[in-house]
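Peer 1: I am attaching a structure below and will ask some questions about it afterwards.
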Amino acid sequence: MKNASVLLNSKKPFLQVLGGKRLSSPPIWLMRQAGRYLPEYREIRSKSANFMDFCFSPKMACEATIQPIRRFGFDAAIIFSDILVIPEALGQTVSFEAGEGPRLEPISEPGELKQLKEVVDLSILEPVFETIDRVKSLLPGTTALIGFCGAPWTVATYMIAGHGTPDQRPARLFAYKNIEYFQKLIDLLVDSSIAYLSRQIEAGVEAVQIFDSWAGVLPACEFNRWCLKPTIKIAEAIRAKYPDVGIIAFPRAVGSLADSYVACDAINGVGLDTAADLKWAAKTLQSRVAVQGNLDPLALLSGGQSMQRQTEEILQQLRNGPHIFNLGHGILPETPISHVEELIRIVRHWETVA
Ligand code: 1CP
């Protein structure tokens, strides 16, 4: 495996697996593990009317990051922030309406791109780096700290539409009609993400995840241009500067196109979405990278035998290579705490029954 020795020698199981080690009981964390399914999160979140203010408060964001570690003892903490802090730092105001998701001033015409800053203003993101600094000294010695950003395509879908969309139609149309301008936006997001992740690493994160939540809507050639190449560019730039950091790509819902990421030596791990074919992933991905995933968040919400069966199937299929247990997408706010506890018990008990 790639660039692995420092990761392999870490005392943190999550980092060892990113270095290519197979562990009989895989490390576990859950996408969106800090958030609304936790009563203690709802409690502190209710003190802040505005979600962006909450993200930019190091005290609150630090507490939200630590909460799931304190409660469940996951093997990794992910810094509490959002992928949309980058548009904010590029001058596009972001707000969150209660229950409605993000709102940005949409970019409908190429000329409107001029309103964005030419270089990301990292001073706006300073609170995120301060959060990282606070969190790192509070984590148990075996818990890794993950930083993140959205992949350029996924961030661009929100910047163009001004809100979340089911099929990312506004960004897809914008990209078809204004290829050069869309390329400029993607390039700006690549540079911004490299600068942002670099500062997160300097502040203390040990791995970074690049979330391409909306990669799955594009035809293969568009996927190559707008998702794969920009993500690889970010990963290679980060790898050149930080040889020992773990890098995970999460191209959601791209099927077998996920194998395009393993050719990139900079990438240590690929996140699998709920629908990924595990036999294929074990054969095609796991010899080159660690895989992370992929329990259906609805199976976790349901709990019981369906959850147990699916969890054991994942553990079984991915047992011969490096695997980090996770969901196939973010945990749902309605998920009972007891189901998360049961999931962790099943994953940690697996070694003794396998
Ligand atoms: O008031 C609230 O609590 C708002 C809910 C919320 C939370 C808890 C939002 C708004 N963002 C977050 C935190 C967040 N977002 C984290 C850190 C917490 C953790 O993981 O433990 C992370 C990693 C994200 C990443 C994120 N934000 C993604 C990529 C991952 C994914 O889920 O696909 C995306 C697409 C977003 C955008 C976003 N932010 C928030 C919402 C509701 C959305 C989705 C909007 C839509 O419907 O398209």
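Peer 1: For residues that are of a type outside the set (Gly, Ala, Ser), within 12 Å of the ligand (Cβ to nearest atom) and open to solvent by 10 Å² or more (accessible area, probe 1.4 Å), tally how many sit in the stretch 132-168.
Peer 2: Number of matching residues: 6.
Peer 1: Right, next: Can you tell me which residue in the stretch 25-58 is surrounded by the most Cβ atoms within 10 Å (Cβ to Cβ), limited to those that are of a type in the set (A, V, I, L, M) and more than 9 Å from the ligand (Cβ to nearest atom)?
Peer 2: Result: Ile28.
Peer 1: Which pairs do you get when a residue that is free of Cβ contacts under 8 Å to residues at least 40 places away in the same chain, found in the stretch 4-28, comes within reach of a residue that is of a type in the set (S, T, N, Q) and surrounded by fewer than 18 Cβ atoms within 10 Å (Cβ to Cβ), reach meaning Cβ atoms under 9 angstrom, with the pair 6+ apart or on two chains?
Peer 2: Short answer, once both residue conditions are applied: Gln16/Asn9.
Peer 1: Being closer than 12 Å to Ile234 by Cβ, in contact (Cβ under 8 Å) with a residue 24 or more places away in the chain and touching a Gly at 6+ places or on another chain (Cβ under 7 Å) narrows it down to one of Leu197, Leu145, Leu189, so name that one.
Peer 2: Leu197
Peer 1: What's the total number of residues in the stretch 204-222 that are more than 14 Å from the ligand (Cβ to nearest atom) and in contact with a strand residue (DSSP E or B) (Cβ under 8 Å, 6 or more places away or on another chain)?
Peer 2: Matching residues across the stretch 204-222 total 2.
Peer 1: Can I ask one more? Does at least one position in the stretch 225-240 carry a residue that is touching a strand residue (DSSP E or B) at 6+ places or on another chain (Cβ under 6 Å) and open to solvent by 20 Å² or more (accessible area, probe 1.4 Å)?
Peer 2: no
Peer 1: Kindly indicate whether any position in the stretch 76-97 is part of a helix (DSSP H, G or I), open to solvent by 20 Å² or more (accessible area, probe 1.4 Å), at pLDDT 95 or above and within 14 Å of the ligand (Cβ to nearest atom).
Peer 2: Yes - at least one qualifying residue is present in the stretch 76-97.
Peer 1: Quick check: is even one residue across the stretch 169-189 in contact with a Lys or Arg (Cβ under 9 Å, 6 or more places away or on another chain) and within 16 Å of the ligand (Cβ to nearest atom)?
Peer 2: no
Peer 1: If a residue has to be buried (at least 24 other Cβ atoms within 10 Å of the Cβ) and of a type in the set (Ser, Thr, Tyr) to count, how many in the stretch 257-271 make the cut?
Peer 2: Matching residues across the stretch 257-271 total 1.
Peer 1: Are any residues in the stretch 119-131 crowded, with 19+ Cβ neighbours inside 10 Å and within 19 Å of Pro230 (Cβ to Cβ), and if so, which ones?
Peer 2: Within the stretch 119-131, Val120 is the sole residue that qualifies.
Peer 1: Of all residues in the stretch 272-302, how many are in contact with a Ser or Thr (Cβ under 8 Å, 6 or more places away or on another chain), open to solvent by 10 Å² or more (accessible area, probe 1.4 Å) and within 21 Å of Leu23 (Cβ to Cβ)?
Peer 2: 1
Peer 1: If I filter the stretch 99-118 down to residues being over 23 Å from the mean Cα position of the chain (by Cα) and over 14 Å from Met159 (Cβ atoms), which single residue comes out as most open to solvent (accessible area, probe 1.4 Å)?
Peer 2: Here the answer is Glu118.
Peer 1: Okay, next question. Given the conditions (1) of a type in the set (Gly, Ala, Ser); (2) within 16 Å of the ligand (Cβ to nearest atom); (3) closer than 18 Å to Pro152 by Cβ, report the number of the one that Ala266 does not fulfil.
Peer 2: (2)
Peer 1: Counting just the residues of the stretch 241-256 that are on the phi < 0 side of the Ramachandran plot and out of contact with any strand residue (DSSP E or B) (no Cβ under 7 Å at 6 or more places or on another chain), which one comes out surrounded by the most Cβ atoms within 10 Å (Cβ to Cβ)?
Peer 2: The extreme case among them is Val254.
The values are calculated or read from the model by the stated rules, or taken from the named source; none is laboratory data. Every value quoted in this text rests on a predicted model; they were computed, and no experiment measured them. So basically every Cβ, Gly included, is an ideal-geometry build from the backbone, and we count neighbours across all protein chains shown. SASA here: full protein model, heavy atoms, side chains in, ligands and nucleic acids out. Shrake-Rupley method; radii C 1.70, N 1.55, O 1.52, S 1.80 Å.
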